[in-house]
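Quick notes on the structure that follows.
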């Protein structure tokens with residue numbers, strides 16, 4: 001296949017994935033749920049930090065996904081077919097989940113596809129299990145941290161208010177302070193989230209020889225694609241998750257703090273993480289600590305999370321044969 005055609009296909013699919021990731025980005029949901037900003041203002045903030053995060057923080061995680069997980073000797077194997085299979089598998093599973101209206105970890109879908117290809121073509125030695133194990137510890141720990149930290153912070157805030165607040169004015173003054181704080185925390189989260197998420201769109205492409213020198217261009221392209229997805233469809237996810245439970249500036253802060261901290265640390269450590277898992281777990285912790293009702297359908301969200309790894313791996317294994325036949 002013509003190299004120009006191959007590169008064009010890679011870029012188009014990467015752009016589609018990045019747009020889909022942006023469309024499923026719920027980072028700004030606490031701002032909407034707590035009524036701090038209007039949707040237009042939220043989208044402007046989201047666009048700015050999606051571009052900045054992808055360009056300034058995306059390189060490390062992209063290299064981890066592109067070069068540290070898949071261990072294949074490409075003698076007799078088309079590297080282009082492998083990469084294209086992973087991209088298409090990720091895109092298909094993302095589209096299926098989005099069509100069902102369920103949040104999905106694109107990070108898990110991408111790595112699930114990588115594992116499927118690695119096992120099929122290289123057996124047990126086709127995947128860097130040490131790296132997978134290290135990342136898995138973060139994947140399992142991060143939702144637990146989100147739930148636990150939010151639960152503890154909400155309980156502490158409630159006790160503090162009961163002990164120190166005298167009337168509605170104190171409460172209102174406190175919420176105004178938290179409005180400023182949550183804006184800062186959300187911006188940090190959006191910045192690190194974009195840097196982490198862009199790896200799902202261009203990380204595996206970076207593993208191809210010849211693309212390494214163009215990573216900056218790929219990251220800029222991804223940043224603008226993430227922004228496009230947020231503007232076109234992102235408001236739907238933001239609204240839905242913002243209504244998941246009752247939010248005020250102080251409780252939105254409690255839900256967002258663990259997500260901001262873990263996503264920033266994970267991105268700096270070059271670890272692909274799921275911001276969706278973190279925030280949803282934090283909102284569940286908020287609901288439990290506040291004794292507030294949750295939106296129905298949590299079992300569907302958990303089910304799609306559990307299915308993501310095996311389904312994306314199976315898709316990659318099935319699709320590799322027709323795709324490799326074209327090369």
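The values are calculated or read from the model by the stated rules, or taken from the named source; none is laboratory data. All of these numbers come straight from a predicted model, not from anything done at the bench. Please note: Cβ atoms are built from the backbone with ideal geometry, for glycine as well, and neighbour counts cover all protein chains shown.
Of 276, 250, 282, which residue is crowded, with 24+ Cβ neighbours inside 10 Å, more than 14 Å from the chain's Cα centre (by Cα) and either closer than 16 Å to residue 53 by Cα or touching a residue at least 12 places away in the same chain (Cβ under 8 Å) (or both)? Spell out the reasoning first.
Values: 276 fails: more than 14 Å from the chain's Cα centre (by Cα); 250 fails: crowded, with 24+ Cβ neighbours inside 10 Å.
Criteria check complete, one pass: 282.
Conditions (1) assigned to a helix (DSSP H, G or I); (2) in contact with a strand residue (DSSP E or B) (Cβ under 7 Å, 6 or more places away or on another chain); (3) surrounded by 14 or more Cβ atoms within 10 Å (Cβ to Cβ), marked per residue:
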residue: 155; (1), (2), (3): yes, no, yes
residue: 166; (1), (2), (3): no, no, no
residue: 173; (1), (2), (3): yes, no, no
residue: 181; (1), (2), (3): yes, no, yes
residue: 187; (1), (2), (3): yes, no, yes
residue: 191; (1), (2), (3): yes, no, yes
residue: 194; (1), (2), (3): yes, no, yes
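For residue 282, work out the one condition from (1) assigned to a helix (DSSP H, G or I); (2) over 21 Å from residue 113 (Cβ atoms); (3) at pLDDT below 85 it doesn't fulfil.
Here residue 282 clears every test but (3).
Scan 147, 165 and give me the residue that is without any contact (Cβ under 8 Å) to a residue 12 or more places away in the chain and touching a helix residue (DSSP H, G or I) at 6+ places or on another chain (Cβ under 6 Å).
Values: 147 fails: without any contact (Cβ under 8 Å) to a residue 12 or more places away in the chain.
None of the others qualify; the one that does is 165.
If a residue has to be outside any helix (DSSP H, G or I) and crowded, with 24+ Cβ neighbours inside 10 Å to count, how many in segment 285-301 make the cut? Even if it seems obvious, please write down each step before you answer.
Step one: of segment 285-301, the residues outside any helix (DSSP H, G or I) are 291-297.
Filter once more, so that each one left must be crowded, with 24+ Cβ neighbours inside 10 Å: none.
So the count comes out to 0.
Between 199, 225, which is modelled with pLDDT of 85 or more, within 16 Å of the chain's Cα centre (by Cα), more than 23 Å from residue 255 (Cβ to Cβ) and crowded, with 22+ Cβ neighbours inside 10 Å? Before you say what the answer is, go through the steps one by one.
On the way: 199 fails: modelled with pLDDT of 85 or more.
Going through 199, 225 in turn, just one is modelled with pLDDT of 85 or more, within 16 Å of the chain's Cα centre (by Cα), more than 23 Å from residue 255 (Cβ to Cβ) and crowded, with 22+ Cβ neighbours inside 10 Å: 225.
If I filter segment 262-273 down to residues being in contact (Cβ under 8 Å) with a residue 40 or more places away in the chain and assigned to a helix (DSSP H, G or I), which single residue comes out as surrounded by the fewest Cβ atoms within 10 Å (Cβ to Cβ)?
Out of the qualifying residues, it is 268.
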